[in-house]
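Structure first, then comments.
The values are calculated or read from the model by the stated rules, or taken from the named source; none is laboratory data. Here the structure is a predicted model, which means the values were calculated and not measured. Quick reminder, even Gly has a Cβ in these numbers, built from the backbone with ideal geometry, and neighbours come from all protein chains shown.
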Amino acid sequence: MRSFFKLLFRNRLAAAGAVVMAVVALLALATPFLPLQDPDITKTADRFIRPFSEGHLLGTDHLGRDLLSRLMWGTRLSLAVGFAAAIAAAFIGSAIGIVAGYFGGRSDNIIMRIVDMLMAFPYILLALAIVAALGPGLMNALIAVAAVNVPFFARNIRGITVGIVHKEFIDAAKLAGLGHAKTILSEVLPNVMPVIIIAMSTTIGWMILETAGLSFLGLGSQPPQADLGSMLGEARSALIGNPHTSLVPGFMILVIVMAINLLGDGVRDALDPRLKSGALSRPMAATLVDRNRVPAPSANTNAILSINNLQTQFHVKDRVYKAVGGIDLDINPGECLGIIGESGSGKSVTALSIMGLVASPPGIITGGSVMYDRKDLVGAPYKTLRSYRGDKIAYIFQDPLATLHPLYKVGDQLAEAIRCHHDVPKSEAWASAVHLLKSVRIPNAESRAESFPHELSGGMRQRISIAMALANDPDIIIADEPTTALDVTVQAQILALLNDLRRERGLAIIFITHDFGVVAQLCDRVAVMYAGRIVETGETGNVLADPAHPYTKRLIACVPELGGGRRKLAAIPGLPPAVDKLPDGCAFADRCDKRRAECRSGDIQLRLSLGRPVRCLYPENAPAVRKSA
Amino acid sequence: MTLALRLDNLSKSFVVGKRLFGAPKGIVRAVHPVTLDVEKGETLGIVGESGCGKSTFARLLVGLIEPTTGSIEIDGQPLNNADPAAFGKKIQYVFQDPVSSINPRKTIRQIMVAPLKHLHGMDSAARTQRISEIFATVSLREEFLDRYPHEFSGGQAQRIGIARVLAAEAEILILDEPVSALDVSVQAQVLNLLADLKNKLNLTYLFISHDLAVVEAVSDRIAVLYFGSVVEIGRADDVFRAPRHPYTKLLADSAPVVGRPLTAPEGKETELPDPLNPPAGCAFRARCPRAIDRCIKEVPDLNGDNVQLAACFNPLDSLVHA
């Protein structure tokens, strides 16, 4: 709740709206206690007194009634009717929407068709018809305005409810013994409540206007009772001669509706989870770089890509998440390097940092370098990065449905990827696209190029992503869990394909995964990551057969392997540390059963243990341990 | 042996493209008729790839959807969920995504209270005590009770999901991919917890997963699902080591295993059958290296010795039972 107000008041316009609205509402509430004249006493002799006259601060109207008093009482009434209509419409509309969305099927169909019929009438016509049937009067105007707005709420809330009803927690509630009514009240309603409030805050101004409109036509409040609409209606005839009689209520309507709408927009922005999470704040084209010192170029000249002490952090409010805490990696031409780790270990952020693809804000590269083609990609101008992205270094992501554009044919998307970097005619690019599809073994490539992503299976889509990564014959492909979302039989096909392609084309691949089986089958070398740092690297076969870091060893042990039969798994107790609160010393110490006091202090460096770099003071394969074993 | 679950000819079809008038566009048979017994205290593993009907099957068993044909018997009595409070005490469901299966707007205490209150009608004092007991069983700290779901990691959220299910005190649990959203180190913790609970509380599990190794590690028996049908069922030790159905063999050969060279176990251009337009005969025929003429015309039934059954006209020789 406090964070809601904080967010709301960060929006200055909304804050201004809130202040104005609070003043107006306070005045309306206080009206009966203020020393005002009776708003309904007519005194024809004093008609049309100008504003700022003695005794009548805002002047008088055509019957000599005090305008200030009528304005205050009128505002009070208009606000009351507007709010009452909004609450009634929200209550009835949301109830209809929730019931329709929750039960679905036929009841949904019937209810929503009736709502559609109501919506088919122009709103003012419908309101007029309702008032005509019920007779003029403020109460009937309220009913009309509420009824006219019910469909808006019903449709809105039904849409949200349908989304919620299919969530698993609704099923869980049913299985916990809740009936329909209880499920709706305790599970569905709390989740649609923010939407109801958002819808109310954005429509309430509109409803005040509609009520005023009906009163203006003489169908709302009846003389001598004042509300803003009827004041405006009565002043209409004197518009030219005595404009102040119309200006006073008109100005008040303007102020109220403006204030409410500004406030309503602010409430919506503060409550909407998408806005709250910053989804609409657009990330920059390349990750921000803020390095204290630019490191010297690395000595390893064989490597095609060389990552030196790369550090990437996320700065969220006052917290600093050290997602990547100093990574060194060299990738040789034609090599497949596996990066293995659990979620949150920093493997994906490492991969995205290479090409400056980490979203900024909140991501910042705070140190290190990535050398490619004798250039440092960290801090390189956007133009350079862009010319390399997809051309020299290409990515394959986990979910091809999210990375392919749903509205373009896959052939067009491939052709676009080529034309981005090479100035070739469209027909030539299309021909290359078909050729690419063939190279990733897609049957009937010519006709498949005409398909849209949703027409293809998951395995086919991932092949398209691979084809796209290959489009410009890159030197390096960075594959971030490319087979995690696929079935095992399809995964085997995709892995075999990647393996063939890299041998045919001499590609270097950085393969990010959490699966040791996949690493073992595809990768030449593997780097194991934990809490943002590499804890061990080496030849895949050696690391798997003889893991040196306790984390590697225990991670391998807790993965069940096919053919092992029924067994108890060697779980690692506890959780990885949060990267905004990394402990001193070894990040794995808390979960390690070999830890000693020394493990808890200082910065533990990678050191060679049987020829491979290991970040551990007491590695598993250390010669001393061997002897005693 | 007493039976926990008995499924007789259970099937589910979905109507696709409903129209106001006239026949719908098509019917998808998500689950073909399945006849299956699950003994008390047993863990039956169910494996299959995406779209094979695993989740539909699971949701049928807990009454979240109505079967098209066939019947389900729980503890010798037909499934009857007219009274949700009585039904919830017999069978419960652990969801795949621990985070989306917990209402984000409730505290953990409110989530834990629901089954105790609605299924067992406990008063406030009894509920507090029972929650403490359950939290101790699944090693969760009681300070978690007043927090909201978004404050928990996937592994903790899944423990909370299991705690909620334990509160119902059902003896049969349907576990629908309970560890596939978790990291491997946490996955092992949750699997071990499930194994401990089963021994301690004498539970019956139906363990659904796409991960062959996980299923093999926890199950007594395994059923392999393909395209909505059970194509093979047998003892967990044997099914992947000595598969009889060619599809089971394909699955076993596709799983990435340390030390096995990388080869695609089947042709590179195979596609799954279209559920709206199912092939005649055996659904696996187009991908099968052992297909014979009979497979085109007839749909095979499960057969074989009593230990390992396969729905295949030309099964592989089982090494164990040949």
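Tell me which helices (runs of 4 or more DSSP H) are completely within the stretch A:381-459 and hold 1 or more residues being under 26 Å from the mean Cα position of the chain (by Cα), or say none if there are none.
The qualifying helices (runs of 4 or more DSSP H) are A:382-388, A:400-403, A:410-421.
Name the single residue, out of those in the stretch B:38-73 being over 18 Å from B:H245 (Cβ atoms), more than 12 Å from every other protein chain (Cβ to nearest Cβ) and among the small types (G, A, S), that is surrounded by the fewest Cβ atoms within 10 Å (Cβ to Cβ).
B:S71
Each row is one residue, and each column tells you yes or no for (1) among the β-branched types (V, I, T); (2) touching an Asp or Glu at 6+ places or on another chain (Cβ under 6 Å).
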{"residue": "A:G541", "(1), (2)": "no, no"}
{"residue": "A:A548", "(1), (2)": "no, yes"}
{"residue": "A:Y551", "(1), (2)": "no, no"}
{"residue": "A:R554", "(1), (2)": "no, no"}
{"residue": "A:A557", "(1), (2)": "no, no"}
{"residue": "A:G564", "(1), (2)": "no, no"}
{"residue": "A:R567", "(1), (2)": "no, no"}
{"residue": "A:A570", "(1), (2)": "no, no"}
{"residue": "A:V579", "(1), (2)": "yes, no"}
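Would it be correct to say that A:P190 is farther than 30 Å from B:G121 by Cβ, free of Cβ contacts under 8 Å to residues at least 24 places away in the same chain and surrounded by fewer than 24 Cβ atoms within 10 Å (Cβ to Cβ)?
It is false that A:P190 is farther than 30 Å from B:G121 by Cβ, free of Cβ contacts under 8 Å to residues at least 24 places away in the same chain and surrounded by fewer than 24 Cβ atoms within 10 Å (Cβ to Cβ).
Are any residues in the stretch B:166-190 assigned to a helix (DSSP H, G or I) and either at pLDDT below 90 or more than 11 Å from chain A (Cβ to nearest Cβ) (or both), and if so, which ones?
B:L166, B:V184, B:S185, B:V186, B:Q187, B:A188, B:Q189, B:V190
Report the residue count in the stretch B:74-87 for those that are more than 9 Å from chain A (Cβ to nearest Cβ), in contact (Cβ under 8 Å) with a residue 12 or more places away in the chain, outside any strand (DSSP E or B) and not small (G, A, S).
Qualifying residue count for the region: 2.
Looking at the stretch A:546-556 only, could you name the residues that are out of contact with any strand residue (DSSP E or B) (no Cβ under 6 Å at 6 or more places or on another chain) and surrounded by 15 or more Cβ atoms within 10 Å (Cβ to Cβ)?
Listed by number, the residues that qualify are A:P547, A:P550, A:K553, A:R554, A:L555, A:I556.
Identify, by number, the condition in (1) within 11 Å of another protein chain (Cβ to nearest Cβ); (2) under 38 Å from the mean Cα position of the chain (by Cα) that A:D524 doesn't meet.
(1)
Against the conditions (1) buried (at least 21 other Cβ atoms within 10 Å of the Cβ); (2) touching a His at 6+ places or on another chain (Cβ under 9 Å), where does A:F103 fall short? Just the number, please.
(1)
Do you know which residues across the stretch A:34-54 are without any contact (Cβ under 8 Å) to a residue 24 or more places away in the chain and loosely packed, with under 12 Cβ neighbours inside 10 Å?
Passing the criteria: A:P35, A:T44, A:A45, A:F52, A:E54.
Select the helices (runs of 4 or more DSSP H) contained entirely in the stretch A:44-148, then report the ones holding at least 3 residues which are touching a Pro at 6+ places or on another chain (Cβ under 6 Å) and under 28 Å from A:A30 (Cβ atoms).
Per the criteria, A:67-103.
In the stretch B:48-73, what residues are over 16 Å from B:H210 (Cα atoms), assigned to a loop (DSSP other than H, G, I, E, B) and of a type outside the set (A, V, I, L, M)?
Within the stretch B:48-73, B:G63, B:E66, B:P67, B:T68 meet the criteria.
Here are A:G541, A:G611: which of them is surrounded by fewer than 19 Cβ atoms within 10 Å (Cβ to Cβ) and in contact (Cβ under 8 Å) with a residue 24 or more places away in the chain?
Going through A:G541, A:G611 in turn, just one is surrounded by fewer than 19 Cβ atoms within 10 Å (Cβ to Cβ) and in contact (Cβ under 8 Å) with a residue 24 or more places away in the chain: A:G611.
Could you list, in sequence order, all residues of the stretch A:331-365 that are among the small types (G, A, S) and within 14 Å of chain B (Cβ to nearest Cβ)?
A:G338, A:G341, A:S343, A:G344, A:S345, A:G346, A:S348
Filter the stretch B:7-28 for residues that are surrounded by fewer than 19 Cβ atoms within 10 Å (Cβ to Cβ) and in a strand (DSSP E or B) and give the result.
Across the stretch B:7-28, the qualifying residues are B:D8, B:N9, B:S13, B:F14, B:V15, B:V16, B:G26, B:I27, B:V28.
Can you pull out the residues in the stretch A:522-554 that are touching a helix residue (DSSP H, G or I) at 6+ places or on another chain (Cβ under 7 Å) and part of a strand (DSSP E or B)?
A:R525, A:V526, A:V528, A:M529, A:Y530, A:V535, A:E536
Step by step: first the residues of the stretch B:88-139, then only those that are away from chain A (no Cβ under 13 Å) and assigned to a loop (DSSP other than H, G, I, E, B), then the one that is surrounded by the fewest Cβ atoms within 10 Å (Cβ to Cβ). Which residue is that?
Among those that are away from chain A (no Cβ under 13 Å) and assigned to a loop (DSSP other than H, G, I, E, B), it is B:D123.
Restricting attention to the stretch A:122-176, and to residues there that are among the basic types (K, R) and away from chain B (no Cβ under 13 Å), which single residue is surrounded by the most Cβ atoms within 10 Å (Cβ to Cβ)?
A:R158
In this structure, is A:S186 more than 14 Å from every other protein chain (Cβ to nearest Cβ) and of a type in the set (G, A, S)?
no
Filter the stretch A:224-242 down to the residues that are without any contact (Cβ under 8 Å) to a residue 24 or more places away in the chain and either touching a Phe, Trp or Tyr at 6+ places or on another chain (Cβ under 9 Å) or aromatic (F, W, Y) (or both) and list them by number.
A:L232, A:G233, A:R236
Only one residue in A:V519, A:V559 is out of contact with any Lys or Arg (no Cβ under 8 Å at 6 or more places or on another chain), farther than 21 Å from A:A467 by Cβ, facing chain B (nearest Cβ under 9 Å) and outside any helix (DSSP H, G or I), so which one is that?
Only one candidate qualifies: A:V559.
Please return the ranges of strands (runs of 3 or more DSSP E) entirely within the stretch A:259-374 where 3 or more residues are over 31 Å from the mean Cα position of the chain (by Cα), within 20 Å of A:L385 (Cα to Cα) and at pLDDT 85 or above.
A:305-316, A:319-331
Starting from the stretch A:489-515, keep only residues that are within 13 Å of chain B (Cβ to nearest Cβ), then list their pairs with residues that are among the charged types (D, E, K, R) and buried (at least 23 other Cβ atoms within 10 Å of the Cβ) whose Cβ atoms are within a distance under 8 Å, requiring at least 6 positions of separation or different chains.
Filtered contacts from the stretch A:489-515: A:I494/A:R463; A:L497/A:R463; A:H514/B:D183.
Within the stretch A:220-237, can one find any residue that is under 23 Å from A:A22 (Cα atoms), touching a helix residue (DSSP H, G or I) at 6+ places or on another chain (Cβ under 6 Å), outside any helix (DSSP H, G or I) and of a type outside the set (A, V, I, L, M)?
Yes, there is a match, as at least one residue in the stretch A:220-237 is under 23 Å from A:A22 (Cα atoms), touching a helix residue (DSSP H, G or I) at 6+ places or on another chain (Cβ under 6 Å), outside any helix (DSSP H, G or I) and of a type outside the set (A, V, I, L, M).
Those residues that are free of Cβ contacts under 8 Å to residues at least 40 places away in the same chain and out of contact with any Leu (no Cβ under 6 Å at 6 or more places or on another chain), I need them from the stretch A:421-435; list them, please.
Matches in the stretch A:421-435: A:D423, A:V424, A:P425, A:K426, A:S427, A:E428, A:A429, A:W430, A:A431, A:S432, A:V434, A:H435.
Given A:L118, A:L13, A:L26, A:L77, which one is exposed (fewer than 13 other Cβ atoms within 10 Å of the Cβ), modelled with pLDDT of 85 or more and not charged (D, E, K, R)?
Just a single option satisfies the conditions, and that option is A:L26.
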